[in-house]
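Below you'll find the structure, written out as structure tokens, and then a few comments.
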Amino acid sequence: MSKRDPHLCLQQMLDHAREARSLIQGRSRADLDSDRLLNLSLVRLLEVVGEAAHRIPPEMRAKYSQIPWIEVIGLRHRLIHGYDRVDFDILWSILSDDLPTLIRTLESILQEEEQQR
């Protein structure tokens with residue numbers, strides 16, 4: 001694993017998750033099928049969230065165990081390596097149901113990290 005600033009990686013996770021959420025505002029699940037640019041954009045944003053999560057050191061992952069690290073990183077692997085078998089119903093569920101919690105958790109963690117600096 002590359003030596004990267006874990007604070008920056010957390011911020012990248014948050015920024016990309018927020019951007020993905022903003023792209024689905026006013027959209028429906030059917031838009032994933034009909035709007036290729038939306039589809040590609042959302043997949044890429046979630047790939048980056050997972051890649052940034054992968055760059056978080058194990059000790060920090062343990063400290064912030066409220067984040068489902070294995071699932072976030074696993075999603076990235078699934079999107080990259082299983083690009084031809086992505087279930088867009090599951091992807092939509094992640095975007096609409098799981099990302100809001102992840103965003104709130106990352107905001108809290110980043111605030112805590114900032115106070116410790």
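Each reported figure results from applying straightforward, stated rules to the coordinates on display, with no laboratory input. Small disclaimer: the values here were computed from a predicted structure and weren't measured. Positions of Cβ are backbone-derived with ideal geometry, glycine not excepted, and every protein chain shown enters the neighbour counts.
Here are a few things to note about the model shown:
- Residues of the stretch 12-31 classified as touching a residue at least 40 places away in the same chain (Cβ under 8 Å) and closer than 20 Å to residue 71 by Cβ, total: 8
- Checking 80, 109, 73, 24 one by one, the residue that is within 13 Å of the chain's Cα centre (by Cα) and of a type in the set (A, V, I, L, M) is 73 and no other.
- The stretch 83-117, residues that are of a type in the set (Ser, Thr, Tyr) and buried (at least 16 other Cβ atoms within 10 Å of the Cβ): 105
- Residue within the stretch 51-65 that is free of Cβ contacts under 8 Å to residues at least 60 places away in the same chain, over 27 Å from residue 113 (Cβ atoms) and crowded, with 18+ Cβ neighbours inside 10 Å present: no
- The helices (runs of 4 or more DSSP H) found entirely in the stretch 4-61 that carry 1 or more residues being touching a helix residue (DSSP H, G or I) at 6+ places or on another chain (Cβ under 7 Å) and over 23 Å from residue 104 (Cβ atoms) are 30-34, 36-54.
- Within the stretch 74-89, residues that are β-branched (Val, Ile, Thr) have Cβ atoms under 8 Å from residues that are assigned to a helix (DSSP H, G or I) in these pairs: 80/47; 86/43; 86/78; 86/79, counting only partners at least 6 apart in sequence or on another chain.
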